[in-house]
1. Using a cut-off of 13 Å between beta-carbons, work out the net charge of the residues near LEU61 (Lys and Arg +1, Asp and Glu -1, LEU61 not included).
2. Grab the beta carbon distance between VAL187 and ARG119, set R0 = 22 Å, and tell me the FRET efficiency rounded to 0.05.
3. Working out 0.36 nm times the residue gap between VAL18 and VAL59, then minus their Cα-Cα distance, what length gain in nm do you get to one decimal?
4. With a point put 7 Å past each Cα toward its Cβ, work out how far ALA223 is from LEU282 in nm, to one decimal.
5. What accessible area, in Å² to the nearest ten, does a 1.4 Å probe give for PHE275?
6. Rank TYR109, TYR283 by accessible area, highest first, at a 1.4 Å probe radius?
7. Where in the chain are the DSSP H helices whose C-alpha atoms run 30 Å or more along the long axis and whose mean Kyte hydropathy is at least 0.0?
8. Using a 7 Å offset from the Cα along the Cα-to-Cβ direction at both TYR199 and PHE67, what is the distance between the two label points in nm, to one decimal?
Amino acid sequence: MTAAAKKIFSYLLKASIVVLAFVFIYSKFLGKNDSLKQFEALISVISRNQVIYTLTAVVLLMVANWFLESLKWQYLAKKLTNISIWVAVEAVFCGLTWAIFTPNRIGEYGGRVMFLPNRKRIHGVFAMAVGAFAQNVITNLVGILASLWFIYYFLSINTWLYLGIMVLSLAFLGLFLMFYFNISWLVIWLNRIKFLRKYNRFFEIMGRYNANELWVVFGYSLARFFVFSLQYYLVINLLLPNIPFFNMMMTVFVFLFIQSAMPSLDLLDIGVRSFTAMHLFLYVTNQQIAIIAAVSSIWLINLIIPAIIGSVFVFKLKFFDRTA
C-alpha cells in the first residue's frame with residue numbers, strides 16, 4: 001500500500017469510527033429518550049440553584065474519574081514507553097469513543113493502545129488488562145460485601161444458607177485478591193498452554209508489575225470507584241433526599257457490582273441499567289421513575305459526553321505508525 005493510499009485509508013477509518021459513534025449516540029440520546037425527559041421533569045420542581053450545583057459537581061466528578069483513569073493508564077504504560085499525562089488523557093477519551101459501539105466496551109482497548117508506538121500496542125492491551133482487573137477487584141470487593149448486607153436486611157433466607165453464601169463470598173474475595181496481587185501466576189499458566197507459549201512476548205508484560213506497583217494501580221481504581229459512587233449519591237439525593245445515606249450507598253454498591261457482571265453494549269446498556277436499578281432500589285424507595293432518571297443522567301454524563309469529547313482525538317490516531 002502506497003503512502004497516499006495509507007493516508008486515505010487511515011482518514012476513512014477514523015471518519016467511520018466517529019460516524020458510528022455519533023449514529024449510536026443519536027439513536028439513544030438525541031432521539032427518543034424517555035428516561036432523560038423524566039429527569040428533566042423531576043428537576044423542574046427542584047430549586048434551580050440546587051440542580052445547577054449538583055449537576056456541576058457531577059460533571060466535575062466525571063472529569064476527576066477519567067483523569068484518575070488517565071493517571072492509571074500513564075502509570076501502567078510506563079512498562080512499555082513513557083507517555084505524557086495529556087497523551088494518556090487523549091487515549092482514554094478516544095477509547096471511550098470506540099467503546100460506545102462495541103460489545104463489553106472492548107473497543108476501548110483498541111482506541112487507547114493506538115496512542116502507543118506500533119510495536120507496543122499488543123503489549124498495551126495486556127497492560128490495560130491489569131488496570132481493568134484492578135477495577136474489577138474493587139467492584140467485586142465492595143459489591144460483595146454490600147450484597148451480604150443487602151441480603152441480610154432485605155431478603156428473608158435461611159440462616160444456614162446465608163452463612164454458606166457469606167463463607168463462599170469471602171473465600172471468593174480472598175482468592176480474587178490473592179490472584180490480583182500475584183498476577184504473574186497468570187503468565188505462568190498461559191505459558192503452560194502450548195499454542196499460547198509463542199505469544200509470551202505480549203502477555204508477559206502482566207508479570208512485570210510488582211506488588212508495590214499493583215497497590216498503586218489498586219489505589220487509582222479505588223479512588224475511581226468512590227468518585228462515581230459519589231456521583232450516584234449526589235443525583236439520587238437530589239431527586240430523593242429522604243433515602244438514608246447508608247442504605248442508598250450500599251444499594252448503589254450492589255447495583256454497580258451486578259452491572260459489572262452483565263455483558264453489555266454501552267448504548268444498549270442504559271435499558272439494562274434502568275431495569276436493574278428499578279428493581280434493586282425498590283427495597284429502599286418506591287420512586288422507580290426517579291431512580292431510572294438518575295441512572296440515565298449519570299450514564300449520559302459519564303459515557304456519552306466523554307465519547308463525544310473523545311471523537312476529537314480519534315483523528316490523531318496513527319494506524320500505520322512504525323516507530324518502536
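The values are calculated or read from the model by the stated rules, or taken from the named source; none is laboratory data. What you see is a predicted model, and the numbers here were worked out from it, not measured in a lab. Using ideal geometry, Cβ is built from the backbone for each residue, glycine included, and neighbour counts are taken over all protein chains shown. The accessibility values were calculated without ligands, DNA or RNA, using every heavy atom of the protein model including side chains. Shrake-Rupley method; radii C 1.70, N 1.55, O 1.52, S 1.80 Å.
1. On the way: positive: ARG224; negative: GLU69.
Here the count lands on 0.
2. FRET efficiency, VAL187 to ARG119: 0.65.
3. Details: separation 41, 0.36 × 41 = 14.76 nm, distance 2.29 nm.
In short, 12.5 nm is gained.
4. Label-label distance for ALA223 and LEU282, simple model: 4.0 nm.
5. 130 Å²
6. Numbers: TYR109 60, TYR283 105 Å².
I get TYR283, TYR109, largest accessible area first.
7. Working: long enough: 3-25 (33 Å, 1.75); 48-77 (43 Å, 0.72); 121-154 (47 Å, 1.29); 159-180 (31 Å, 1.98); 211-239 (42 Å, 1.16).
Within the chain the helices that satisfy the rule are 3-25, 48-77, 121-154, 159-180, 211-239.
8. About 3.7 nm separates the two model spin labels.
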